[in-house]
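Working notes, beginning with the structure itself.
The values are calculated or read from the model by the stated rules, or taken from the named source; none is laboratory data. Because the structure is a prediction, the values reported are computed rather than measured. No Cβ is skipped: glycine too gets one built from the backbone with ideal geometry, and neighbour counts run over all protein chains shown. Areas reflect the complete protein model, heavy atoms only, side chains present, ligands, DNA and RNA absent. Shrake-Rupley method; radii C 1.70, N 1.55, O 1.52, S 1.80 Å.
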Amino acid sequence: MAGPLKPLVTGRTLPPAKPLEHWADDAVFDPKAATRLTPKQERYYLASQWQLMWWKLKRHRLAVISLFFLLAAYASILIAEMIAPYALDARNTDYLYAPPQSVHLMHEGRFLGPFVYPYKVSLDLTQLKWVYEGDLTRPQPIRFFCAPDDYNGARYRFWGGPELGFHFICPPKDGTLFLMGTDRLGRDVFSRIAYGARISLTVGLVGIILSFALGIVIGGIAGYYGGFIDNAVQRVIEIIRSFPTLPLLMALSAALPVTWSPILVFLGVTMILALLDWPGLARAVRSKFLSLREEDFVQAAQLMGARPSRIIARHLLPSFASHLIASASLSIPAMILGETALSFLGLGLRPPITSWGVLLNEAQNFSAVALYPWIMFPMLPVFLVVLAFQFLGDGLRDAADPYK
Amino acid sequence: MFGYVVQRLFVMIPTLLVISALVFIIINLPPGDFATAMLQELESQGGSGAQKATEIRALYGLDRPLIEQYFHWLGGMMVGDFGFSFEHEAPVTAVVGERMGLTLLINFISILFIYLVSFPIGVYSAVRQYSAGDYAFSFLGLVGYATPNFMLAIIMLYVLNEAFGISIGGLMDPAFRDQPMSWDKFVSIMQHSVVPVVVIGTAGTAAMIRRLRANLLDELHKQYVVTAKAKGLPPGRALRKYPLRMALNPFIADIGNLLPDVVSSSVIVSVVLGLETVGPTLLRALETQDTYLAGSFLMFLALLTVIGMLISDLALAALDPRIRLGGKAVK
Amino acid sequence: MIALRTVVAALALMAAALHTAQASDREAPMLAALVAEGKLPPVEERLPALPKLADFGPEQTLGDYGGTLTMLMARARDTRQMTVYSYARLVKYNRDLELVPDILERVEVLEGGREFVLHLRPGHRWSDGEPFTADDFRYWWEDVAQNRELSPAGVPTELLVDDALPEVLFPDPVTVIYRWQAPNPRFLPALAEATPLYIFMPGHYMHLFHARYTKPEELAARIKQTGSRNWAQMHNNMGRARDADNPDLPTLEPWMVTNRPPADRFVFERNPYFHRVDAQGRQLPYIDRVIFDITQSGLIAGKTAAGEVDLQGRYLRFDEVTLLKSSEKKHGYSTLLWRIAKGAHLALYPNLTVDDPVWRTLLRDVRFRRALSLAVNRYELNRVIYFGLAIEGQNTMLPGSPLYDLERRNRWSKFDLAEANRLLDEIGMTERDSRGFRLMADGRPLEIIVETAGGTEEADVLSLISDSWAQAGVKLFIKPLSLDVLRNRIFGGRTVMSIGSGLENGLATPDFVPSEIAPVDQNQYQWAKWGQFYQTKGASGEAPDTPEGMLLMDLYDAWFASGDRQERTDVWQAMLDLHADQVFSIGLVAGVYQPIAVRDGLANIPQDGIWNWSPGAHFGLYGMDRFYFTDPVRRGLAVRPGNGG
């Protein structure tokens, strides 16, 4: 029987149904939408370990400042000749133990640009000292970006190559610029500090390389193989750590042959410092390896037939590299301080080599503390560099665990 | 526990033996020997230097092979005969005098100083992380570390002398030297200890502050602490009862790391300050290759370090049951 | 009559009272109590019958008893400085540097210097009260000097003339005679040295350690007790009067040590039997006690500046003088400046016996040495390091010596770069390398490595010299070494040039043995091998093979053979002239000042003095026994508060 369907229920008819209000996305349906990453997230997950570290580090303000400071300090090594107003062994016999000259801007109410007042020197024979007064009537403007002519034609060999005469800052014409005073032979303390950075800062670097090599190799082997080798290495480490360092330093320094040139002595000193530093690193490497050894990826590599050296170098080390860097940045200041201590004891570097330690050795007497305190200025760069390394190391260590 | 102690003691012995061998080698490493170092000295006593040198060598057995000299020394130490000092021409035990006792005293006070200073600062820094106080204290601690301690020593000597009239250098007023202990002498020693202890201590404080801070922070971020706080435990108790105790373990255990540094820097500082401790005598003995004296002092210092590390391991074992029961130490 | 008896009795009583009053004045308070108790004989019995009247200098006054003097030293061995400073000798140098008897009452020099008759003072006693007689000389001569075990090197060389022993006689308890076949001009000076030749020993004490006088069991017990290896070592150790390290060893010095090393503090107390008196007949020394505090040498200047000492000279350097002067008022002391009387404070020593043939030829060329000397700017050195207060010139006699000659001092030592360059050109080193330094005959650049065992002073001097030498085309390298390594290298001929102190005695008279200016000691850095040759009698080293070297040896022998003072003067002048002409050592500056810190109120220390080891014995020349404290409080405090005793 055709015809409209009769509702089963007699009587009323339902009104025609209105569609429910609904909203639908007319875009094409993408089944992977939930798991897709935003660009920011993608960068985060795809970033290499190093990038993650850098990002985390950037948040640690102090570490970043320290990093730039250290980069500047190391860069200054390259251009020490340009930074120092005076040459390394330049002596000025008229100004012995001269106090620092302060830089002024205003002279008698007028702005003159940076200048210094020259000294008036006299010799007090009853007190047996040189007396310095500032001659406040003759301001002498400091010169910047000087050429050789400003120095009466004096030139220096730039890293054994071209002869240059450029300086960033130099003394006024016929005047002196002793920003940190002079020492007993009339040498500018500031310039000597600038040149001293070369030795003091590189001691740490060279020493680190050796210390790392030893620490990683020995610690790695101990951690990877475990068992007897591990025990033996641990004992060796313990012995070295219990050994009083001073006599070891003394005896090793005394054993350096007499005929060695200063460069070789320098290398010898750094090697000695490195020999005392590697146990710390070896222990850290060892314990890390002991725990990482059990990881799946190591087992997988072993099953695939990789040699132990490859496993250590290619797989274990990189996961540990961040910690190594943090460790390095804390070992370097220890080496710098070690070099200053050795030079102070007269065991390491001696004049005519100039390092901060050698400079401090010359300041290590009561005359310096009581009468000529500016001789102790080399403490400042040591202090700042060590501090900078510490902050940087802290920042790196925090950054080394980026997933925290 | 007992087994652990015995095991550690047992391990100590070969360590000390190896150290003694190394010490002996190190002392004899520089070319020449005591006779050559004292050549000018001997010549002033008349006769040609070379002849005197041969006599001295024969007298003290310096012309025997090194191995024989070593075993002679080692054997002597076993029975308490520490050998003969060539420079002082007296047995080593006579030269030592008060020195070892004072060395122990200074090292002990320095370590105490380090702990007393770094503990509150470390806790504060962890609890109030990234606050101004945290930065300020960390900075202060680092200042001590970053300043070369021999310069600090001499500056402090001068300042204290100008300000308080404390005599320069030495561990006591000269009038008390070689005198029996008395109250006045003790006071004088305490006064003069300020400079060495501060100088030695400030270097170690920075590291300890950092360690305690790091360890405590690790603990404070763990789940159980959050739970405790959420459950309403007062913050003081939440800090003291669990996390602090956990963080203390590595803190105390770190004597092992601290002691070698304190001992060796105390030697350097004592040389600078002219203290009546082992340091200056040791330095002189090393310069003149006064073998038995230098060797005995070095063994003493090494023993100090090794025993310190043993104590810290034992303390750690006492605090951490996992170690006692044979697990590996948590570092 | 009763009145007379009373008067006589009263007078006698008064005389006795006066006498005792005088006697007790003459007793040092420290000893007065012991004398009163009868533990010590009164001073008249303690002094020898003819005590020595101490030669007070023009500025020295009579003093008062009492007080403790503190000095700083750096090593326990420095107790020997007490013997040096006390300077009680058989014969000694007086202020005019003439030899005068001191412990001896008089000396007769007979037969042209071959025979010496030494007269002791009757009643002279050791510090323990035992008599000091010729027997003590006999003990030394027969039982020590000629005993093979005690003196394996034999009798001291100063007592040998042509390798022959003297004839030694002891005619009576106060006379000793030494007699040789030929004159021995070294005998008396050796007895007057700062570290003297001892020809006597307290036999009554040393017996205990001598195998000949003590039973073997007792000897063995003593050997064990002192920790010695054998009796010879024990005897020598216990009897070293020079070292002042044995409190039981009787001595003739004004102070005797009261404690043994090792210690950090040495206390010396007055010797009750000391043989010198002042013009009022009071027994010296004035000061009761001397204390040596042992401390680090680097701290001594600081401690002196902080006023912790009463008298200090040793271990103070000129470069610390500003510090010392600056704290004078505040801490109550003054800083005197005494001239160091060396021929040159520092001198360069070209090694004429170096192995390297090219260097040997070059260094032996007198023009080279003269050129190097001319190229040193001594004025600058003087000004920079010594405030211009030193005397520039060659390494030769100083003003104050009868052999002084201004022209000789200035020869070849005026700064003259033009002449220096001319001489170097004349030698033939006209070619230069890229840095501007001359080339030697074999093409090597003229780089002189100067080896030094000194400290910052030598390093500073050398860096100043290197600048001026560079202008003459000579490069100077500094090589710091330890002293024994340096000496070995010099003796072995490996060192080209070294730096050291100049002539020890810059105030010599013709009567002094000219041993410093002749190649007779291997410690002379400019010709160590020649000196070695002489000392070992040809066994090692090399014979002098230049005309000048041989001439010096001839002159040296001539001095010994010379009969009178004029001949000796001629020999000295000839030798000094040769040195000045040949520039065997390049003297730099001389007469550098030694700072002496003196507590305010410590009297009898001359304002201007010389600080010299030989002759002079540092403070010894000025009689430390005559120093005294003017402040009664200082004198009364025989014991410092806080001092345990």
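Within segment B:297-322, how many residues turn out to be among the hydroxyl-bearing types (Ser, Thr, Tyr) and either facing chain A (nearest Cβ under 9 Å) or open to solvent by 10 Å² or more (accessible area, probe 1.4 Å) (or both)?
If we filter segment B:297-322 for residues that are among the hydroxyl-bearing types (Ser, Thr, Tyr), which is where we start, we get B:305, B:312.
With either facing chain A (nearest Cβ under 9 Å) or open to solvent by 10 Å² or more (accessible area, probe 1.4 Å) (or both) added as a condition, the list becomes B:305.
Total meeting the criteria: 1.
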For segment A:59-72 the number of residues that are farther than 9 Å from residue A:395 by Cβ and either in contact with an Asp or Glu (Cβ under 6 Å, 6 or more places away or on another chain) or away from chain B (no Cβ under 14 Å) (or both) is 3
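With respect to residue B:118, determine if the residue is touching a Pro at 6+ places or on another chain (Cβ under 9 Å), open to solvent by less than 40 Å² (accessible area, probe 1.4 Å) and at pLDDT 80 or above. Outline the logic, then answer.
Details: touching a Pro at 6+ places or on another chain (Cβ under 9 Å): no; open to solvent by less than 40 Å² (accessible area, probe 1.4 Å): yes; at pLDDT 80 or above: yes.
For residue B:118, the condition - touching a Pro at 6+ places or on another chain (Cβ under 9 Å), open to solvent by less than 40 Å² (accessible area, probe 1.4 Å) and at pLDDT 80 or above - is not met.
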Requiring at least 3 residues that are of a type outside the set (A, V, I, L, M, F, W, C), the helices (runs of 4 or more DSSP H) wholly within segment B:62-152 are B:66-78, B:99-127, B:132-146
Residues of segment C:383-407 being assigned to a strand (DSSP E or B) and either open to solvent by 70 Å² or more (accessible area, probe 1.4 Å) or farther than 12 Å from residue C:346 by Cα (or both), in sequence order, are C:399, C:401
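Is there a residue in segment C:294-301 that is within 14 Å of another protein chain (Cβ to nearest Cβ), over 24 Å from residue C:583 (Cα atoms), free of Cβ contacts under 8 Å to residues at least 24 places away in the same chain and surrounded by fewer than 24 Cβ atoms within 10 Å (Cβ to Cβ)?
Initial filter on segment C:294-301 (within 14 Å of another protein chain (Cβ to nearest Cβ)): C:294-301.
If we keep only those that are over 24 Å from residue C:583 (Cα atoms) as well, we get C:294-301.
This time we only want the ones that are free of Cβ contacts under 8 Å to residues at least 24 places away in the same chain, so: C:298-299, C:301.
Applying the additional criterion that residues be surrounded by fewer than 24 Cβ atoms within 10 Å (Cβ to Cβ) yields C:298.
There is at least one residue in segment C:294-301 that is within 14 Å of another protein chain (Cβ to nearest Cβ), over 24 Å from residue C:583 (Cα atoms), free of Cβ contacts under 8 Å to residues at least 24 places away in the same chain and surrounded by fewer than 24 Cβ atoms within 10 Å (Cβ to Cβ).
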- Can you spot a residue in segment C:557-575 that is open to solvent by less than 10 Å² (accessible area, probe 1.4 Å), within 26 Å of the chain's Cα centre (by Cα) and among the charged types (D, E, K, R)? no
Residue A:374 vs (1) more than 29 Å from residue A:260 (Cα to Cα); (2) open to solvent by less than 30 Å² (accessible area, probe 1.4 Å): all pass except (2)
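Quick check on residue C:250: is it assigned to a loop (DSSP other than H, G, I, E, B), in contact with a Ser or Thr (Cβ under 7 Å, 6 or more places away or on another chain) and either open to solvent by less than 20 Å² (accessible area, probe 1.4 Å) or away from chain B (no Cβ under 13 Å) (or both)? Working first, answer last.
On the way: assigned to a loop (DSSP other than H, G, I, E, B): yes; in contact with a Ser or Thr (Cβ under 7 Å, 6 or more places away or on another chain): yes; either open to solvent by less than 20 Å² (accessible area, probe 1.4 Å) or away from chain B (no Cβ under 13 Å) (or both): yes.
Against the criterion (assigned to a loop (DSSP other than H, G, I, E, B), in contact with a Ser or Thr (Cβ under 7 Å, 6 or more places away or on another chain) and either open to solvent by less than 20 Å² (accessible area, probe 1.4 Å) or away from chain B (no Cβ under 13 Å) (or both)), residue C:250 qualifies.
Among the residues in segment B:130-145, are any within 14 Å of chain C (Cβ to nearest Cβ), open to solvent by 60 Å² or more (accessible area, probe 1.4 Å) and under 28 Å from residue A:339 (Cα atoms)? Before the answer, list the steps.
Here is the first cut: in segment B:130-145, the ones within 14 Å of chain C (Cβ to nearest Cβ) are none.
So far as segment B:130-145 goes, no, none of its residues is within 14 Å of chain C (Cβ to nearest Cβ), open to solvent by 60 Å² or more (accessible area, probe 1.4 Å) and under 28 Å from residue A:339 (Cα atoms).
Only one residue in B:23, B:11, B:18 is away from chain C (no Cβ under 14 Å), farther than 27 Å from residue B:65 by Cα and at pLDDT 70 or above. Which one? Let's see the steps before the verdict.
Details: B:23 fails: farther than 27 Å from residue B:65 by Cα; B:18 fails: farther than 27 Å from residue B:65 by Cα.
Going through B:23, B:11, B:18 in turn, the sole match is B:11.
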Checklist entry - Given the structure, is residue A:94 at pLDDT below 85, in contact with a Ser or Thr (Cβ under 9 Å, 6 or more places away or on another chain) and surrounded by fewer than 18 Cβ atoms within 10 Å (Cβ to Cβ)? => result no
Condition set touching a residue at least 60 places away in the same chain (Cβ under 8 Å) and part of a helix (DSSP H, G or I), scope segment C:156-206, selection surrounded by the most Cβ atoms within 10 Å (Cβ to Cβ): answer is C:191
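Does residue B:155 satisfy being within 8 Å of another protein chain (Cβ to nearest Cβ), in a loop (DSSP other than H, G, I, E, B) and under 25 Å from the mean Cα position of the chain (by Cα)? Step through it out loud before you land on a result.
Details: within 8 Å of another protein chain (Cβ to nearest Cβ): yes; in a loop (DSSP other than H, G, I, E, B): no; under 25 Å from the mean Cα position of the chain (by Cα): yes.
Spelling it out, it is not the case that residue B:155 is within 8 Å of another protein chain (Cβ to nearest Cβ), in a loop (DSSP other than H, G, I, E, B) and under 25 Å from the mean Cα position of the chain (by Cα).
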Scanning segment B:219-247 residue by residue, those aliphatic (A, V, I, L, M), under 19 Å from residue B:319 (Cβ atoms) and open to solvent by 50 Å² or more (accessible area, probe 1.4 Å) turn out to be B:246
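Tally time: how many residues in segment C:461-475 are under 33 Å from the mean Cα position of the chain (by Cα) and buried (at least 19 other Cβ atoms within 10 Å of the Cβ)?
Residues meeting the conditions: 4.
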Picked from segment A:345-356 (must be farther than 17 Å from residue A:256 by Cα and in contact with a Pro (Cβ under 8 Å, 6 or more places away or on another chain)), the residue farthest from the other protein chains (Cβ to nearest Cβ) is A:356
Counted residues in segment B:162-190 being within 20 Å of residue C:73 (Cα to Cα) and facing chain C (nearest Cβ under 8 Å) come to 11
The correct count of residues that are out of contact with any Pro (no Cβ under 9 Å at 6 or more places or on another chain), under 25 Å from residue B:95 (Cα atoms) and open to solvent by 10 Å² or more (accessible area, probe 1.4 Å) in segment C:253-288 is 5
Scan segment C:302-316 and give yes if some residue there is within 29 Å of residue C:397 (Cα to Cα), open to solvent by 10 Å² or more (accessible area, probe 1.4 Å) and away from chain B (no Cβ under 14 Å), otherwise no. yes
Quiz item: Is it true that residue C:482 is surrounded by fewer than 18 Cβ atoms within 10 Å (Cβ to Cβ), within 14 Å of chain B (Cβ to nearest Cβ) and at pLDDT below 95?
Solution: yes
Pairs returned, first residue in segment C:214-232 that is among the basic types (Lys, Arg), second residue that is in a loop (DSSP other than H, G, I, E, B) and at pLDDT below 85, beta-carbon separation under 9 angstrom, 6 or more apart or interchain, are C:222/C:228
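Can you name the residue in segment C:129-155 that is of a type in the set (D, E, K, R) and touching a Phe, Trp or Tyr at 6+ places or on another chain (Cβ under 7 Å) and is also most open to solvent (accessible area, probe 1.4 Å) among such residues? Explain how you work it out, then say what you get.
Of segment C:129-155, the ones of a type in the set (D, E, K, R) are C:130, C:135-136, C:138, C:142-143, C:148-149.
Next cut, touching a Phe, Trp or Tyr at 6+ places or on another chain (Cβ under 7 Å) only: C:136, C:138.
Numbers: C:136: 7, C:138: 52 Å².
Applying the filter and picking the extreme gives C:138.
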Scanning segment C:113-145 residue by residue, the ones that are part of a helix (DSSP H, G or I) and not small (Gly, Ala, Ser) total 10
Residues of segment A:247-271 being modelled with pLDDT of 80 or more and open to solvent by less than 20 Å² (accessible area, probe 1.4 Å), in sequence order, are A:268, A:270
field: Flag if residue A:361 is at the interface with another protein chain (Cβ under 8 Å from one of its Cβ atoms), farther than 30 Å from residue A:55 by Cα and open to solvent by 30 Å² or more (accessible area, probe 1.4 Å)
entry: no
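If you take the residues of segment C:423-452 that are in contact (Cβ under 8 Å) with a residue 40 or more places away in the chain and open to solvent by 20 Å² or more (accessible area, probe 1.4 Å), which of them is nearest to residue C:497 (Cα to Cα)?
That would be C:449.
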Over segment B:248-266, the set of residues open to solvent by less than 30 Å² (accessible area, probe 1.4 Å), assigned to a helix (DSSP H, G or I) and away from every other protein chain (no Cβ under 12 Å) is B:249, B:251, B:253
